[in-house]
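The values are calculated or read from the model by the stated rules, or taken from the named source; none is laboratory data. The structure displayed is predicted, hence computed values, not measured ones. Virtual Cβ from ideal backbone geometry, glycine too; neighbours counted across all protein chains shown. Remember, those area values only see protein heavy atoms, side chains included, never the ligands or the DNA or RNA. Shrake-Rupley method; radii C 1.70, N 1.55, O 1.52, S 1.80 Å.
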Amino acid sequence: MSNKIKVSVILPVYNAEKYISAALESLITQTLTEIEIICVNDGSKDNSKQILQEFEKKDARIKIIDKENQGVWKARIDGIKRAEGEYITFIDSDDYVKENFLESLYKNITENNSDISICRI
């Protein structure tokens, strides 16, 4: 198995302590394992940052960017700048995805020689 990062997942986080654990659990259990999960803590004032740090200790694929609040689009741009994957996807902090979500998107894009793959969560 290759160590090359196939997909960078960018996860903007702002005051998401109620949801972020479910989102991260759904990402770290993906069938596609060659991923990085870039969590952009956008100035959260709740326990989001601490939850992110706990997950970061459990899974080396999780990377945290901690910054002052500038909004979701700036958080996504900051995540893109840090991304090392062949492809990029965005997940919101209150989303969770099926275990084959990233693998399905990756297969679709590579088998069809596409530039983009779109789905409904």
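Normalising the average separation of contacting C-alpha pairs (under 8 angstrom, six or more residues apart) by the number of residues puts the relative contact order of the range 19-81 at 39 percent. At each listed q (0.12, 0.16, 0.28 Å⁻¹), what is the log10 of I(q)/I(0) that the Debye formula gives for the range 4-63 modelled as equal alpha-carbon point scatterers? With no solvent term, the Cα-only Debye profile gives -0.25, -0.45, -1.25. Output the relative contact order of the chain, whole-number percent, from Cα pairs under 8 angstrom with separation of 6+ residues. Relative contact order comes out at 37 percent.
Any idea what % of Cα-Cα pairs in the range 74-121 are farther than 14 Å? Don't skip to the end; give the middle numbers.
On the way: 644 of 1128 pairs.
The calculated P(r) of the range 74-121 puts 57 percent of pairs beyond 14 Å.
Dipole size of the chain about its Cα centre, with +1 on Lys/Arg Cβ and -1 on Asp/Glu Cβ: approximately 140 debye, rounded to the nearest 20.
What's the center-to-center distance, using Cα atoms, between the range 19-56 and the range 61-121 in Å? That distance is 12 Å. With both labels modelled 7 Å from their Cα along Cα-to-Cβ, the Asp59 to Glu99 distance reads 1.3 nm. Solvent-free Debye calculation, one equal scatterer per alpha-carbon of the range 1-111: log10 I(q)/I(0) at 0.21, 0.24 Å⁻¹ equals -1.11, -1.42.
Ranked from the most accessible area to the least, with a 1.4 Å probe and all protein chains present, what is the order of Thr89, Thr110?
On the way: Thr89 25, Thr110 60 Å².
Sorted by accessible area, descending: Thr110, Thr89.
Compared with the direct C-alpha span, the chain from Ile5 to Ile80 gains 25.6 nm at full extension, assuming 0.36 nm per residue.
Once both labels are modelled 7 Å past Cα along the beta-carbon direction, what's the Thr110-Val72 spacing in nm? The two pseudo-label positions are separated by 3.0 nm.
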